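Every number here is computed from the coordinates shown, using simple stated rules; none is lab data. Please read these numbers as outputs of a predicted model, since none were measured by experiment. We place every Cβ from the backbone using ideal geometry, glycine too, and count neighbours over all the protein chains shown.
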Amino acid sequence: MNSSQAEATKGDILVVDDQPNNLRLLSNLLTEHGYQVRKVLSGHLALKAIQVNPPDLILLDILMPEIDGYEVCSLLKASEQTRDIPVIFLSALNETIDKVKAFQLGGVDYISKPFQLEEVVARVENQLTIRQLSLQLKDQNAQLQQEIRNRITTELALLDLNQELENRVATRTEELRLANEKLQQLEVQLRQALTQEKELNQFYNRILATIAHEYRTPLTALSSSAQILDLYRDKLTPEKQHKHLQRMQSAVKHLTRLVNDVLFLSKTELDKVDLTPVPLKLAEFCREIVEELQLTATNRHTLQFNYQENCPEREWDERVLRQILTNLLSNAIKYSPNGGVIDFQLYYEQDEIILQIKDQGIGIPPENQARLFESFHRASNVGMIQGTGLGLSIVKKCVDLYKGKIYCQSEVGAGTTFTVKLPL
Ligand code: ATP
Ligand code: MG
């Protein structure tokens with residue numbers, strides 16, 4: 001029943017019968033009861049009328065020429081558009097078998113002719129109510145299905161959103177972890193830099209203190225000799241004058257060495273020493289240094305130099321090698337106040353050059369040996385022997401530049417051996 005008709009009438013009914021009398025009677029009856037009625041005289045006309053405008057209900061006579069009610073009903077039930085229109089059969093066929101057939105073909109009711117008018121109205125009303133209810137149910141069903149479909153779509157979208165959120169959280173977590181790792185690395189670097197800075201600061205403070213302390217003695221000597229020469233030159237014998245000049249020269253030498261040591265060390269502290277290797281005959285170079293130092297030693301010391309022939313050649317930085325050798329050799333001389341043999345060996349083993357310097361001096365107490373290579377550290381048994389405690393730290397820095405190793409073996413009162421191993 002479409003809505004405009006529904007408002008005007010109680011329903012649109014198609015009456016199909018080949019007997020005009022019947023047709024008129026039924027039409028009048030139903031019109032009186034508020035229905036809109038269309039009437040046709042044959043099955044063919046009925047099919048056409050239904051196709052043009054499907055009614056809400058069909059009253060269908062069975063016995064008609066050409067195409068009977070059963071066939072019309074079968075055709076209606078076979079088509080999607082007309083399947084749901086309720087069909088009430090009207091017939092003079094009153095055998096049970098005819099009624100059963102009518103229901104089997106899809107009829108909703110069966111009215112026997114001759115019919116009672118009240119019965120027709122009641123059955124028509126009944127079927128239209130059923131149809132109305134079933135249409136409402138169908139509507140509700142469709143609505144429900146749509147709602148379910150919508151809900152499923154929403155749930156799926158939510159699931160997608162959830163997954164997306166989970167993915168985003170995972171990505172963000174990973175990003176955070178990486179950032180955190182980086183931060184930790186930075187912190188470690190910062191700490192290292194701070195420690196280095198602190199160590200460097202301590203080093204410079206020590207240097208300042210040492211300079212203040214160590215410079216005073218030679219500067220005083222310089223100043224007093226210069227003053228004496230200035231004031232009393234004429235009254236002094238040439239020997240005395242010469243002695244003061246020598247004292248001044250030695251003070252200058254001492255100061256120069258101190259300045260050089262400090263400069264060299266601060267350069268190595270800042271990693272600013274670059275190796276400048278040149279081809280060098282190592283044994284000859286060592287012999288020259290031994291000879292130079294022999295001049296500074298007293299005649300109580302004997303410097304021996306032995307070396308292995310055919311030492312493999314490589315290029316060396318002269319300045320760095322000189323630092324290593326002069327410091328170790330001059331220590332050996334300085335810390336052997338009673339003289340003795342100073343034995344210097346140069347040999348090689350596999351891929352290493354070995355420099356070994358052995359003395360028969362005062363030795364180093366075991367408790368002082370661990371920190372020997374730190375700047376300004378001196379052993380407790382040095383007594384009056386002068387020194388700043390920089391020599392061995394310079395040696396260590398030089399050995400490190402060559403990625404080498406240095407070892408010390410010592411016994412108080414018996415002597416000390418320093419061994420340096422440099423990779424070839
Ligand atoms: P500098 O060399 O700067 O003039 P220094 O000789 O005191 O002063 P290092 O050469 O660094 O300083 O030596 C550190 C300390 O190691 C010395 O003060 C000394 O106590 C000890 N030492 C080094 N070499 C020997 C050695 N051959 N025999 C005994 N003690 C030594
Ligand atoms: Mg020294």
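Taking a quarter of the surface of the Cα convex hull of segment 53-204 gives a mean projected area of 17.1 nm².
Here the Kirkwood formula puts the hydrodynamic radius of segment 278-424 at 15.5 Å, using every distinct Cα pair.
Between residue 95 and residue 257, the simple spin-label model (points 7 angstrom out along Cα→Cβ) gives 14.7 nm.
For segment 3-115, a simple Cβ point-charge model (Lys and Arg +1, Asp and Glu -1, everything else neutral) yields a dipole of about 80 debye relative to the Cα centre. Relative to the dominant Cα principal axis of the chain, helix 391-401 is inclined by about 40°. Near residue 64, once Lys and Arg are set to +1 and Asp and Glu to -1 for all other residues with Cβ below 15 Å from its Cβ, the sum equals -4. Rank 390, 25, 231 by mean-square fluctuation in a GNM of the chain with C-alpha springs under 10 angstrom and give only the top-ranked residue. Judging by the Gaussian network model, the answer is 25.
Residues in segment 44-51 carry Karplus couplings, in order, of 4, 5, 4, 4, 4, 4, 5, 5 Hz; the curve used is 6.51 cos²θ - 1.76 cosθ + 1.60 with θ = phi - 60°, and Gly or Pro positions show x.
Excluding residues fewer than 8 places away in the same chain, name every one of the lysines whose C-alpha is closer than 21 Å to that of residue 281. Filter leaves 403, 421.
Largest mean-square fluctuation among 192, 345, 36, in a Gaussian network model of the chain whose springs join Cα atoms under 10 Å apart, belongs to 36.
Positive-end ranking of 210, 265, 237 along the dipole of segment 210-269, with charges on Cβ about the Cα centre, is headed by 237. By how many degrees, between 0 and 90 and to the nearest 10, does the Cα long axis of helix 238-269 differ from the longest principal axis of the chain? Relative to the chain, helix 238-269 is tipped by roughly 10 degrees.
Pairs over the 23 Å Cα-Cα cut-off, from the set 358/405; 267/396; 198/397; 198/405; 48/138; 182/267: 198/405; 48/138; 182/267. The residues 408, 398, when put in order of fewest to most other Cβ atoms within 10 Å, stand as 408, 398.
A quarter of the convex hull surface defined by the alpha-carbon atoms of segment 3-115 gives 6.7 nm² as the mean projection.
Each residue of segment 160-174 was assigned a 3J(HN,Hα) from its phi angle through the Karplus curve 6.51 cos²θ - 1.76 cosθ + 1.60 (θ = phi - 60°); the sequence is 4, 4, 4, 4, 4, 4, 4, 4, 5, 4, 4, 4, 4, 4, 4 Hz, with glycine and proline shown as x.
A crude spin-label estimate for the pair residue 234 and residue 173, with each label 7 Å from Cα along the Cβ direction, gives 9.9 nm. Cross-link partners for residue 113 among the lysines, with Cα-Cα distance under 23 Å and sequence neighbours closer than 8 places in the same chain left out: 39, 99, 101. Summing Cβ point charges (Lys, Arg +1; Asp, Glu -1) relative to the Cα centre of the chain gives a dipole of roughly 2960 debye.
Modelled spin labels at residue 146 and residue 381, positioned 7 Å past Cα toward Cβ, are 10.8 nm from each other. Computed from the C-beta positions of residue 84 and residue 161 and an R0 of 30 Å, the FRET efficiency is 0.15 to the nearest 0.05. Applying the Karplus relation 6.51 cos²θ - 1.76 cosθ + 1.60 with θ = phi - 60° to segment 303-310 yields 3J(HN,Hα) values of 9, 10, 10, 10, 9, 7, 5, 6 Hz, where x marks Gly and Pro. Note on the chain: Rg/Rh from Cα positions, Kirkwood definition for Rh, rounded to two decimals, is 1.87.
For segment 127-162 versus segment 277-356, the inter-centroid distance based on Cα atoms is 103 Å.
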